[in-house]
Amino acid sequence: MALITRLSTQSESFNSALRTLLAFDASQDESIERATADILKNVQQHGDSAVLDYTQRFDRVSAPSVAALEIERREWLAALDQLPSGQRQALETAAERVRVYHDHQRAQTWTYTEADGTVLGQKVTPLDRVGLYVPGGKAAYPSSVLMNAVPAKVAGVPEVIMVTPTPDGVRNPMVLAAAAIGGVDRVWGIGGAQAVGALAYGTQTLSPVDKIVGPGNAYVAAAKRRVFGTVGIDMIAGPSEILIICDGATPADWIAMDLFSQAEHDEMAQAILLCPSASYLDEVEAAIARLLPTMPRADIIRASLAGRGALILVQDLDEACEIANNIAPEHLEISTENPQQWADKIRHAGAIFLGRYSSESLGDYCAGPNHVLPTSRTARFSSPLGVYDFQKRSSLIHVSQAGAQTLGRVAATLAYGEGLQAHAASAEYRLNLSN
């Protein structure tokens, strides 16, 4: 099997080949769906006892009560104090950059006043309580703690509750340190679909939240999908994706490693390069072959590149942009001279990295913008996680007496037309009918 698929837009079969490459079976495993539904129902009905049962069954952690599963703040602070200085400084630097970036997203309440004194506007308020799911054990991502918690606190959310599984009682110190740095308010050592259920429905010990964010395994994703509507969720993320547009002048090793940076996530991750130079694609393919054996996660990268990766020869960079808009990737690198001119042609991408030095990995950790991004072509209609996900908007309508004379007649006319007489009468009661 080839290391990676080679395609050309000049081939008659290109469009069908691209569709096949992009196809991702998002159908749900029925056994996972059934198990998740049972877990959620049990948590909803039995609360604490169900959470304790599942925590013992799946994480092999016994506790006398759910309260005993709370991880106290002093433990987070101890984890922070015991981090090597380099790791602590990196986390603090990343957190500050994420905070500064997201400060620019914060929306404010606004109003305007019409000539007759009527005031219209919008009130912006934060959510009251947010639940943050963080994977535990080996798959621990302190960067995700920052990317989810910091925007919530910038938005003004008073209480951010973090849940994280602690299999066999093992607690990840970097995750706890990130909770301390990111402004998390409380942490519970529970995970899986049972944690999602506890956050959504509440138990005797945990109060329900308004929204659940953060990554998790297939059971967590299925649980988030099921509780949506009872609470808000951020998104259901698919496999990681990177699409690179390159003019052929960036060192081939750089581009190969950028492709690896997403391929190493899992076998279903997708890494694609678009370039108008066939000889450059040859260079990148050679770099892939040379560098792959040096990667600790070489088997995962190899499976990802062989199954869903591609090096695509395009006619020019304009065509590359057209294809990029069709793919609507999670991460888009524009590794060219004058990258802004090509970025101006991009309509659909989760995050756009401009220039040869803007590697996607910087966005994952510390550039500042959020790394929680739409996948599986959903960038056509959705956006990165941000402060706006933790704020809600209420319309403000303060109609003056004079305004009621004008608006009342309009509203009554429309209400009669719809056959809603009470609506019409409600508006007409405010009219000064002597006028």
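The values are calculated or read from the model by the stated rules, or taken from the named source; none is laboratory data. Just so it is clear, the model here is predicted, and its values are computed rather than measured. Quick reminder, even Gly has a Cβ in these numbers, built from the backbone with ideal geometry, and neighbours come from all protein chains shown.
Tyr416: aromatic (Phe, Trp, Tyr), assigned to a helix (DSSP H, G or I) and under 16 Å from the mean Cα position of the chain (by Cα), yes or no?
Numbers: aromatic (Phe, Trp, Tyr): yes; assigned to a helix (DSSP H, G or I): yes; under 16 Å from the mean Cα position of the chain (by Cα): no.
No.
Output the number of the condition that Ser85 fails; it satisfies all remaining conditions of (1) more than 25 Å from the chain's Cα centre (by Cα); (2) within 30 Å of Gly197 (Cβ to Cβ); (3) among the polar types (S, T, N, Q).
All conditions pass for Ser85, except number (2).
Could you say whether any residue in the stretch 159-168 is crowded, with 24+ Cβ neighbours inside 10 Å, closer than 15 Å to Val209 by Cα and hydroxyl-bearing (Ser, Thr, Tyr)?
No, the stretch 159-168 has no match at all.
Can you confirm whether Leu305 is modelled with pLDDT of 95 or more and touching a Ser or Thr at 6+ places or on another chain (Cβ under 9 Å)? Reasoning before the result, please.
Numbers: modelled with pLDDT of 95 or more: yes; touching a Ser or Thr at 6+ places or on another chain (Cβ under 9 Å): yes.
In short, yes.
If I filter the stretch 88-111 down to residues being surrounded by fewer than 17 Cβ atoms within 10 Å (Cβ to Cβ), within 26 Å of Leu127 (Cβ to Cβ) and among the hydroxyl-bearing types (Ser, Thr, Tyr), which single residue comes out as farthest from the chain's Cα centre (by Cα)?
That would be Thr111.
On the given criteria, is Gly197 surrounded by fewer than 24 Cβ atoms within 10 Å (Cβ to Cβ) and over 20 Å from Leu80 (Cβ atoms)? First the steps, then the outcome.
On the way: surrounded by fewer than 24 Cβ atoms within 10 Å (Cβ to Cβ): no; over 20 Å from Leu80 (Cβ atoms): yes.
Here the answer is no, as Gly197 does not meet what is asked.
Residues in the stretch 326-345 that are crowded, with 17+ Cβ neighbours inside 10 Å and not small (Gly, Ala, Ser): how many?
Start the filter on the stretch 326-345 by keeping residues that are crowded, with 17+ Cβ neighbours inside 10 Å, which leaves 327-336, 339, 342-343.
So of that shortlist, the ones also not small (Gly, Ala, Ser) come out as 327, 329-334, 336, 339, 342.
Residues meeting the conditions: 10.
Would you say Phe390 is aromatic (Phe, Trp, Tyr), crowded, with 18+ Cβ neighbours inside 10 Å and closer than 15 Å to Met235 by Cβ?
Values: aromatic (Phe, Trp, Tyr): yes; crowded, with 18+ Cβ neighbours inside 10 Å: yes; closer than 15 Å to Met235 by Cβ: yes.
In short, yes.
What are the residues in the stretch 272-289 that are surrounded by 15 or more Cβ atoms within 10 Å (Cβ to Cβ) and either assigned to a strand (DSSP E or B) or of a type in the set (Ser, Thr, Tyr) (or both), if any? Lay out the reasoning, then the answer.
If we filter the stretch 272-289 for residues that are surrounded by 15 or more Cβ atoms within 10 Å (Cβ to Cβ), which is where we start, we get 272-277, 280-281, 283-285, 287-288.
Listed by number, the residues that qualify are Ile272, Leu273, Leu274, Cys275, Ser277, Tyr280.
So, in the stretch 1-37, of the ones that are over 15 Å from Ala310 (Cβ atoms) and among the charged types (D, E, K, R), which residue ends up surrounded by the most Cβ atoms within 10 Å (Cβ to Cβ)?
Once the filter is applied, the top-ranked residue is Glu33.
Are there any pairs, at least 6 apart or on different chains, whose C-beta atoms fall under 8 Å, with the first in the stretch 137-149 and over 24 Å from Arg60 (Cβ atoms) and the second at pLDDT 95 or above and among the polar types (S, T, N, Q), and if so, which?
Every condition considered, the pairs that remain are Met147/Asn370.
Go through (1) within 22 Å of the chain's Cα centre (by Cα); (2) over 30 Å from Asn338 (Cα atoms) one by one and return the number of the condition Ala271 breaks.
Here Ala271 meets the rest and fails (2).
Within the stretch 22-64, how many residues turn out to be in contact with a Ser or Thr (Cβ under 7 Å, 6 or more places away or on another chain), touching a residue at least 40 places away in the same chain (Cβ under 8 Å) and not β-branched (Val, Ile, Thr)?
Total meeting the criteria: 5.
Name every residue in the stretch 369-387 that is buried (at least 17 other Cβ atoms within 10 Å of the Cβ), under 30 Å from Thr109 (Cβ atoms) and of a type outside the set (Val, Ile, Thr), in order of residue number.
Pro369, Asn370, His371, Leu373, Pro374, Ala379, Pro384, Leu385, Gly386
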